[in-house]
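> Handing you this structure, nothing more for now.
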Amino acid sequence: MAELNILEAIRTAMDEELERDPNVMVLGEDVGKKGGVFGATEGLWAKYGGKRVLDTPLTEAMIAGAAAGAAIYGLRPIAEMQFADFSYPAFNQIVSEISRMRYRSNNAFGLPMVIRMPYGGGVHGALYHSQSNEAYFTSTVGLKVVAPGTPADAKGLLKASVRDPDPVMFFEHKKTYRLFKAEVPDGDNVVPIGVADVARAGKHLSIFCYGYMRFCALEAAETLAREDGVEAEVVDLRTLRPLDTAAVLASVAKTGKALVVHEANRFGGFGAEVAAIIAEQAFEHLDGPITRLAGPEVPGVPFHHSLEDWFMLNPAKIVEAARGLAAY
């Protein structure tokens, strides 16, 4: 198996899908000769040409709309938003048109397309380049929402997303792009959408997370085991919609305590949905309050590095929250 970081895994997945299916194409700002603002599409333009790896004008509404049109006519586009923050001009296309196509056509056709969404803070991107806006899209029926946290999952889930018959929002936390390398299975390994992963088994409490928070939660769990004797189970949701509810409930039934961790703001964030499901369907298993650890209630990630550090969640903050929950 090759050792790849998440950015390399995403590039490999696109390369293999372009090679496998001549209907797959990539479009977005600077994805061609430049290879993308983060380098995710580096080398693909030279290999597949400008008709399949297509530079677009700086207009996100057009990127989403053109991808939808291409998908209607039989292509399988992978559209890149340079930053998830910039998806708002395309919000109407995504929420009002793309998500509803199968429903409004009475199941006559869907839109097999992926919108890649580099999101999250911790890379000194400041207010307009650091948002975690996944919750907007998880509340939209008709969209699948994926957020991998390992190179193997990034590759396997992106391949599954490209092959899905309906639109997939693919969230890639920018801080994880080059954070670490890990083994990625060779060959055409597809990770199914909608299946969570128990990243670390435990018995005293469950930590539910996704994206970069998987990395932080695993480090926090090791600290808890070493310093407190608390064995935390880390459940990487991997797909936010459809959510693997069975995996969430099974973990709570095992540990009796739930800590939900995400970088986005707490109020109305995705953690509220996870907490509500646990409260409704696993109340009899709970030995403590369902706890949420989320980004602070400010409008965005600050530019100043010390304030950005204050904003970001990290293993120490997860350890503190877990200790409070474990004490019940």
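The values are calculated or read from the model by the stated rules, or taken from the named source; none is laboratory data. The structure displayed is predicted, hence computed values, not measured ones. Quick reminder, even Gly has a Cβ in these numbers, built from the backbone with ideal geometry, and neighbours come from all protein chains shown. Just the protein is used for accessible areas: all its heavy atoms, side chains included, with ligands, DNA and RNA removed. Shrake-Rupley method; radii C 1.70, N 1.55, O 1.52, S 1.80 Å.
> Mind telling me which of Ile115, Ile72, Ile318 comes out most flexible in a GNM of the chain, alpha-carbon contacts under 10 Å?
Evaluated over the chain, the most mobile residue of the options is Ile72.
> Here is a follow-up. Hey, what's the range 15-128 come to in accessible area per residue, 1.4 Å probe, Å²? Write out the running numbers ahead of the final one.
Working: 5110 Å² over 114 residues.
Heavy-atom accessible area per residue stands at 45 Å².
> Past 28 Å, Cα to Cα, is the threshold; run Lys155/Lys254; Lys175/Lys203; Lys47/Lys159; Lys34/Lys317 against it and keep the listed order. If you can, show how the numbers build up before the last one.
Numbers: Lys155/Lys254 30 Å; Lys175/Lys203 30 Å; Lys47/Lys159 19 Å; Lys34/Lys317 38 Å.
Exceeds cut-off: Lys155/Lys254; Lys175/Lys203; Lys34/Lys317.
> Using the Cα centre as the reference, give the magnitude of the dipole from point charges on the C-beta atoms of the chain (Lys, Arg: +1; Asp, Glu: -1; all else neutral), rounded to the nearest 20 debye.
Details: 32 positive and 41 negative charges, 111 e Å.
For this selection, approximately 540 debye.
> Also, I was wondering about something else. Relative to the longest principal axis of the C-alpha atoms of the chain, give the angle of the C-alpha long axis of helix 315-326, reported between 0 and 90° and rounded to the nearest 10°.
Result, in degrees: 50.
> Taking the chain as a Gaussian network, where each spring joins two C-alpha atoms under 10 Å apart, which residue of Asp21, Asp30, Asp166 fluctuates the most?
Asp21
> Follow-up question, since we're still on this one. Select from Gly125, Gly187, Gly300 the residue whose mean-square fluctuation is largest in a Gaussian network model of the chain (Cα-Cα springs shorter than 10 Å).
Gly187
> Among Pro302, Asn314, Thr291, which residue has its Cα furthest toward the positive end of the charge dipole of the chain, with +1 on Lys/Arg Cβ and -1 on Asp/Glu Cβ?
Pro302
> Take the alpha carbon gyration tensor of the range 261-328, find the square roots of its eigenvalues, order them as a ≥ b ≥ c, and report rounded if a/c is under 1.5; if not, report prolate when a/b exceeds b/c, else oblate. Numbers along the way, then the final one.
On the way: a/c = 4.18, a/b = 1.73, b/c = 2.42.
Oblate, because a/c is 1.5 or more while a/b does not exceed b/c.
> Determine the share of the chain's accessible area contributed by carbon and sulfur atoms, expressed in whole percent, with a 1.4 angstrom probe. Spell out each step's value before the answer.
Details: 7370 of 13450 Å².
After summing per-atom areas, the C and S share lands at 55 percent.
> Next question. With a 1.4 Å probe and all protein chains left in place, how much accessible area per residue does the range 270-328 have, in Å²?
Details: 3220 Å² over 59 residues.
Computed with neighbouring chains in place, this is 55 Å² per residue.
> Each residue of the range 264-278 in order: what ³J(HN,Hα) in whole Hz does its phi give by Karplus 6.51 cos²θ - 1.76 cosθ + 1.60, θ = phi - 60°, with x for Gly and Pro?
Along the range 264-278, the couplings run 5, 4, 5, 5, x, x, 5, x, 5, 5, 4, 4, 5, 4, 5 Hz.
> Continuing with the same structure: Under a point-charge model restricted to the Cβ atoms of Lys and Arg (+1) and Asp and Glu (-1), what is the dipole moment magnitude of the range 87-159 relative to its Cα centre, in debye to the nearest 20? Please list the in-between numbers first.
Numbers: 7 positive and 3 negative charges, 53 e Å.
Dipole magnitude for the range 87-159 comes out near 260 debye.
> Explain nothing, just the number: dipole magnitude of the range 274-328 about its Cα centre with +1 on each Lys and Arg Cβ and -1 on each Asp and Glu Cβ, in debye rounded to the nearest 20. If you can, show how the numbers build up before the last one.
Numbers: 3 positive and 7 negative charges, 20 e Å.
That gives the range 274-328 a dipole magnitude of about 100 debye.
> Positive end of the charge dipole of the range 151-281 (Lys, Arg +1 and Asp, Glu -1 on Cβ, about the Cα centre): tell me which of Val252, Ile193, Gln281 has its Cα farthest that way.
Result: Ile193, furthest along the dipole toward the positive end.
> Hey, what's the range 178-239 come to in accessible area per residue, 1.4 Å probe, Å²? The partial results should precede the final answer.
Values: 2540 Å² over 62 residues.
Heavy-atom SASA per residue in the range 178-239 reads 41 Å².
> Along the charge dipole of the range 1-59, Cβ charges K/R +1 and D/E -1, which of Leu18, Gly49, Gly36 sits furthest on the positive end?
The one lying farthest along the dipole's positive direction is Gly49.
> Just check the range 63-116 against the gyration tensor rule for me: Cα atoms, a ≥ b ≥ c as the square roots of the eigenvalues, rounded for a/c under 1.5, and otherwise prolate or oblate depending on whether a/b exceeds b/c.
Values: a/c = 2.73, a/b = 1.53, b/c = 1.78.
Because a/c hits 1.5 or more and a/b fails to exceed b/c, the range 63-116 counts as oblate.
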